[in-house]
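For reference, the structure is listed below as structure tokens.
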Amino acid sequence: LMVEPNSNEVWLDEWDPETFEQQHGDTLYDWNRMFPPIVDAIREVDPVTPVLVGCMAYSDVEWLPYLDTVDDRRVVYTIHQYQPFQYTHQEAPPANAYPGSFDADWDGQPDQVDRDWLDDLLDTVDDFEAASGAPVAANEYGLMRWQPGAARFMTDEMELFEERGMNHALWAWDARWAPWY
């Protein structure tokens with residue numbers, strides 16, 4: 001319905017989903033208030049086509065638990081999985097490698113970022129699916145191909161998606177882009 005809803009950044013500069021929910025839930029900043037009527041309008045003319053609904057904060061997986069669900073078995077909830085951003089989007093010279101130890105959650109402390117870290121992150125999807133009974137797809141994921149350990153990162157991430165039975169679609173950076181270092 002909308003690629004990467006992000007009123008949390010555009011108008012509010014709020015990156016904590018719980019704080020956002022407490023302060024702005026059920027306001028016009030809240031995507032949960034906006035998307036259900038759109039799904040209803042689509043269903044008035046098309047009862048069968050799947051509808052993809054992403055969560056707030058650019059469809060970040062950590063915001064998935066705060067996404068409401070609708071009573072429609074053809075809605076697929078989506079995430080964009082670029083975490084840890086400090087690795088997947090780093091500029092030259094690269095400071096972080098995969099696997100590696102670096103501050104992946106912005107708390108000032110190093111985290112061991114590896115397959116287990118990714119698996120723990122994706123537990124959020126498991127919990128959402130268990131609670132809602134609704135499917136979740138990663139309809140964007142990837143990283144800049146020149147990041148140290150990129151092949152292993154992608155292998156681990158795709159294997160974890162497959163183990164969960166998640167549909168997934170790679171976002172490929174333009175192959176003509178030169179590495180940034």
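Assorted remarks:
- Output for the range 12-69, where each listed residue is among the polar types (S, T, N, Q) and either closer than 15 Å to residue 1 by Cβ or in contact (Cβ under 8 Å) with a residue 60 or more places away in the chain (or both): 32, 49, 59, 69
- Some residue of the range 93-101 being in a loop (DSSP other than H, G, I, E, B) and either open to solvent by less than 20 Å² (accessible area, probe 1.4 Å) or acidic (Asp, Glu) (or both): yes
- Options 109, 81: the member that is surrounded by fewer than 17 Cβ atoms within 10 Å (Cβ to Cβ) and not hydroxyl-bearing (Ser, Thr, Tyr): 109
- The numbered conditions (1) in a helix (DSSP H, G or I); (2) touching a strand residue (DSSP E or B) at 6+ places or on another chain (Cβ under 6 Å); (3) open to solvent by 20 Å² or more (accessible area, probe 1.4 Å); (4) of a type outside the set (D, E, K, R) are all true for residue 161 except (3).
- Residue 4, sole failed condition from (1) out of contact with any His (no Cβ under 9 Å at 6 or more places or on another chain); (2) not in a helix (DSSP H, G or I): (1)
- Exactly one residue among 120, 127 is open to solvent by 80 Å² or more (accessible area, probe 1.4 Å), under 28 Å from residue 7 (Cβ atoms), touching a Leu at 6+ places or on another chain (Cβ under 9 Å) and outside any loop (DSSP other than H, G, I, E, B), and that residue is 127.
- Scanning the range 149-158 finds one or more residues that are in a loop (DSSP other than H, G, I, E, B) and surrounded by 13 or more Cβ atoms within 10 Å (Cβ to Cβ).
- Residues satisfying the stated conditions in the range 1-57, i.e. among the small types (Gly, Ala, Ser) and either open to solvent by less than 40 Å² (accessible area, probe 1.4 Å) or in contact with a helix residue (DSSP H, G or I) (Cβ under 8 Å, 6 or more places away or on another chain) (or both): 7, 25, 54, 57
The values are calculated or read from the model by the stated rules, or taken from the named source; none is laboratory data. In this text, all values refer to a predicted model and were calculated from it rather than measured experimentally. Don't worry about glycine lacking a Cβ; one is built from the backbone with ideal geometry, like all the others, and counts go over all protein chains shown. Keep in mind that these areas ignore ligands, DNA and RNA; they rest on the heavy atoms of the full protein, side chains included. Shrake-Rupley method; radii C 1.70, N 1.55, O 1.52, S 1.80 Å.
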